[in-house]
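For reference, the structure discussed in these notes is given below.
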Amino acid sequence: MSTSKARTIRRIYLISSLSLGVLAPLFCWYMIPDFNPIHRPLSYFGVAELTFWYWNISVLLIATGLFVNAYRSIPIYFSDKKQKTFLEVLLSISFISLCGVALISMDNYLIHHVAAYTFFLVYNFFIFSFGFIRSLKYVRRGIFSITIGILMLLSSLLLLPFPSYGVFEIVYFFLLFLWNTHLFYKRIEFEDRILKKKEPLRLT
């Protein structure tokens, strides 16, 4: 398989995975119209009979998409080995935790919630660290990630007025989707620029 074809397939997969972050909850909500995020967390879709398989498979695909998107971006933005290793470790922990959220049913209350809390905290810290480390060299270039990381942390305040995690999860994943979309777009721009530099001149 050629490099360009593999890149195209990877991009299609990432776009599909990131899109699932929006489409999966909407579809499950359509399947269970009486769902109310004020009273139930999004994880409810993972135990409801109508949406069980679709939701959990979607979470696994989303987790893989988030991991690949960030993992392939890290070498573009960072050259220091220690910084890359630190970010890759955080990303790997959050990936494993999100997979755990999909694979471990809410019936296993403690383990499921440990996996969920670990993902929320570690992925939040990963995005903030991504921006903070970038800002050490390019202050303005790290502001977006730092801002998203702070907003993700502040979104936890939504747990105070609402009896469920649902509203917090929606806001958190919106910010997560926004950051990953921005990262994906910037990486595509970078890869396309590199590809054009490598292309040989063609006679017309």
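General observations
- Flag for residue 133 being surrounded by fewer than 17 Cβ atoms within 10 Å (Cβ to Cβ), of a type in the set (A, V, I, L, M) and at pLDDT below 95: no
- Residue 155 meets all of the listed conditions (1) within 15 Å of the chain's Cα centre (by Cα); (2) among the hydroxyl-bearing types (Ser, Thr, Tyr); (3) crowded, with 17+ Cβ neighbours inside 10 Å but one, namely (1).
- Scanning segment 102-124 for residues that are surrounded by fewer than 19 Cβ atoms within 10 Å (Cβ to Cβ) and either among the aromatic types (Phe, Trp, Tyr) or farther than 16 Å from residue 86 by Cα (or both) yields 103, 105, 106, 107, 108, 109, 110, 111, 113, 114, 117, 118.
- Failed item in (1) within 20 Å of the chain's Cα centre (by Cα); (2) modelled with pLDDT under 85, with residue 5 passing the rest: (1)
- Subset of segment 26-56 (residues that are in a helix (DSSP H, G or I), closer than 25 Å to residue 96 by Cβ and touching a residue at least 24 places away in the same chain (Cβ under 8 Å)): 28, 42, 43, 44, 46, 54, 55, 56
- Restricting attention to segment 171-185, the residues that are in contact (Cβ under 8 Å) with a residue 24 or more places away in the chain and loosely packed, with under 15 Cβ neighbours inside 10 Å total 2.
- Positions within segment 47-94 being surrounded by 20 or more Cβ atoms within 10 Å (Cβ to Cβ) and farther than 24 Å from residue 181 by Cβ, in sequence order: 51
- Of all residues in segment 143-158, those that are among the aromatic types (Phe, Trp, Tyr) have Cβ atoms under 8 Å from Cβ atoms of residues that are in a helix (DSSP H, G or I) and surrounded by 17 or more Cβ atoms within 10 Å (Cβ to Cβ), 6 or more apart or on another chain, in 144/131; 144/179.
- Only one entry in 59, 68 is more than 16 Å from residue 26 (Cβ to Cβ) and of a type in the set (Val, Ile, Thr), namely 68.
- Verdict on residue 141 being at pLDDT 90 or above and in contact with a Lys or Arg (Cβ under 6 Å, 6 or more places away or on another chain): no
The values are calculated or read from the model by the stated rules, or taken from the named source; none is laboratory data. In this text, all values refer to a predicted model and were calculated from it rather than measured experimentally. Here the Cβ is made from the backbone with ideal geometry for all residues, glycine too, and neighbour counts use every protein chain on show.
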